[in-house]
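Below is one structure, written out as structure tokens; comments come after it.
The values are calculated or read from the model by the stated rules, or taken from the named source; none is laboratory data. None of these values were measured; they are calculated from a predicted model. Because the Cβ atoms are built from the backbone with ideal geometry, glycine has one as well, and the counts that use them run over all protein chains shown.
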């Protein structure tokens with residue numbers, strides 16, 4: 001059943017073809033929103049996500065773009081506007097993670113991670129904010145990580161990018177709230193996605209043991225948090241980062 005907060009709304013989900021992004025697409029489609037599914041290289045996965053969204057009885061489209069490239073982002077936003085109308089809500093979910101130690105944290109690795117995770121966040125937000133300002137409405141959720149909140153020696157660039165995302169969320173939320181644009185972030189912990197496929201089982205077991213709930217989270221659980229932050233149930237929240245980590249990280 002459609003929800004009033006999402007019915008007749010258009011939502012762009014970057015990195016929406018798989019994992020948390022796909023779960024966000026289907027959860028928000030269930031609420032009644034039209035969904036634009038951004039992908040970088042996996043067209044087949046994006047098409048499958050679109051199929052799942054359409055099964056919810058709402059419109060869906062796939063749109064290829066490199067979020068780290070300004071021209072590509074501009075073309076993506078124009079395509080969504082032309083097909084589904086103005087973008088009411090945005091989920092900045094696109095990101096990359098490479099499990100490397102400090103000896104392999106090269107400048108190329110650093111730039112690649114920052115370009116996608118942080119510069120991409122800026123480019124997509126800036127590409128949609130003017131239409132939100134004109135319409136005096138916008139809801140944005142950024143996908144950070146608990147890596148921003150605890151040491152990550154095997155993901156230094158990733159941790160830095162996700163910490164930057166939290167600062168970006170706080171400052172941009174303050175700048176945009178006069179226009180009725182609310183921005184918040186989510187910091188997931190260990191979640192069952194392709195990212196953990198290459199993690200050794202002994203390490204995975206240690207991470208689970210460090211989690212008070214003693215389990216890995218699901219993509220659906222993170223999508224529920226995104227849904228909450230986009231909805232009017234969170235109408236008095238802005239610039240916040242909600243941690244969903246099974247207790248592995250607890251904020252005051």
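Before moving on, here are some points about what is shown:
- Applying the condition of being assigned to a loop (DSSP other than H, G, I, E, B) and under 11 Å from the mean Cα position of the chain (by Cα) to segment 7-16 and asking which residue is surrounded by the fewest Cβ atoms within 10 Å (Cβ to Cβ) yields 15.
- Matching residues in segment 220-237 - criterion: being surrounded by fewer than 18 Cβ atoms within 10 Å (Cβ to Cβ) and over 16 Å from the mean Cα position of the chain (by Cα): 232, 233, 235, 236, 237
- Members of segment 17-62 found to be closer than 17 Å to residue 116 by Cβ, touching a residue at least 40 places away in the same chain (Cβ under 8 Å) and not in a loop (DSSP other than H, G, I, E, B), listed by number: 19, 20, 21, 38
- Complete set of residues in segment 128-142 that are surrounded by fewer than 21 Cβ atoms within 10 Å (Cβ to Cβ) and either under 19 Å from residue 195 (Cβ atoms) or in contact (Cβ under 8 Å) with a residue 24 or more places away in the chain (or both): 129, 131, 133, 135, 136, 137
- Considering 249, 243, 225, the condition of being in contact with a strand residue (DSSP E or B) (Cβ under 8 Å, 6 or more places away or on another chain), assigned to a helix (DSSP H, G or I) and farther than 21 Å from residue 67 by Cα is satisfied by 225 alone.
- When residue 184 is tested against the conditions (1) part of a loop (DSSP other than H, G, I, E, B); (2) over 25 Å from residue 153 (Cβ atoms); (3) touching a helix residue (DSSP H, G or I) at 6+ places or on another chain (Cβ under 7 Å), the lone failure is (1).
- If the condition is being buried (at least 23 other Cβ atoms within 10 Å of the Cβ) and touching a residue at least 60 places away in the same chain (Cβ under 8 Å), then segment 143-161 contributes 143, 144, 158, 161.
- Taking the criterion of being under 25 Å from residue 29 (Cα atoms) and either surrounded by fewer than 15 Cβ atoms within 10 Å (Cβ to Cβ) or free of Cβ contacts under 8 Å to residues at least 24 places away in the same chain (or both), the residues of segment 176-219 that qualify are 180, 194, 218.
- The single condition among (1) in contact with a strand residue (DSSP E or B) (Cβ under 9 Å, 6 or more places away or on another chain); (2) modelled with pLDDT of 95 or more that residue 41 does not meet is (2).
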